[in-house]
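Below you'll find the structure, written out as structure tokens, and then a few comments.
The values are calculated or read from the model by the stated rules, or taken from the named source; none is laboratory data. Computed from a predicted structure; not experimentally measured. Cβ coordinates were reconstructed from backbone atoms using ideal geometry, including for glycine residues, and neighbour counts include every protein chain displayed.
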Amino acid sequence: MMVGDGINDAPALAAADVGVAMGARGSAAAGQAADVVLTTDRLDRLADAMDAARRSRRIAVQSAATGMALSLVAMTVAAAGALPPVAGALLQEVIGVAMIANALRALRLARGTRAAVDLATESLLRRFEMEHSLLRPPLELIRETADELGAAPSATSMERLREVHEFLTERLLPHERAEERRLYPAMGQALGGPEVTMTMSRAHGEIERLVRRLGGHLALAEADGPRPEQLDALRSACCPGPTLRPGGGGLLLPGRRLAGMTAPGHGDESKHKSSA
């Protein structure tokens, strides 16, 4: 399986057994090459889609097999002369309607796939999900600012870099720390232990490290002017790049750096798959 959203991902999506394109802001080429297109840029929706696909297939097979079995029984009874033609036709229609109604179960939420949370935790989830939606637009400024850091940064680009650092220290980091103090302990209780949020806790630590790194380079640049060797460090602190994802078990994955490291909307945790 291959998941991607850019033009460069299109060949890999086409070659994969199953190609999944992130369609909300992904390229048209990726969407055309993929077998599946997600209409959101949240990767957790892939797990939801896989769960829904498995359940839908199971219900479809069940409905088809049951309908065929009932029809064969009805035809056997009719062949023996125990079922009049009109009654047989009506029975066949009833079987068809019953199987359609059974298939509609795929539209309902599956039992046992959602973790139950109390009202206080649900309130925290909604609060942090709303904060995530407010934080996403300013995160685009980080990527744009990194793109502006050319060989000779202008005064405007340095001013935007200061705005980025101010946003990170005054809005993003307090949000991440509040999650760490309040949301993750509550989610750990609901989901059976702190291990389920450990990866996101490590991501928060990586965010803080990158913000400190950005602040240090920014202070040096303001004191002596930006040096060429600092530019790469500033860009790497701002832009996503290949790195070991926290908790990734050593797999080389797209890095969740500052432009892409706000943890996924924590309404996701309310939909976290239970061990059942």
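Laid out as a table, the results:
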quantity	calculated
Residues satisfying the stated conditions in segment 170-179, i.e. surrounded by 15 or more Cβ atoms within 10 Å (Cβ to Cβ) and out of contact with any Phe, Trp or Tyr (no Cβ under 9 Å at 6 or more places or on another chain)	L172, L173, E176
Filter result for E131 (in contact with a His (Cβ under 6 Å, 6 or more places away or on another chain), closer than 25 Å to A47 by Cβ and modelled with pLDDT of 75 or more)	yes
M50 being modelled with pLDDT under 90, buried (at least 18 other Cβ atoms within 10 Å of the Cβ) and more than 30 Å from V94 (Cα to Cα)	no
Any chance A74 is modelled with pLDDT of 90 or more, assigned to a helix (DSSP H, G or I) and surrounded by fewer than 16 Cβ atoms within 10 Å (Cβ to Cβ)	no
Subset of segment 21-72 (residues that are in contact (Cβ under 8 Å) with a residue 40 or more places away in the chain and of a type in the set (D, E, K, R))	R42, D44, D48, D51, R55
Output for segment 1-43, where each listed residue is among the acidic types (D, E) and either modelled with pLDDT under 75 or part of a loop (DSSP other than H, G, I, E, B) (or both)	D5, D17, D35, D41
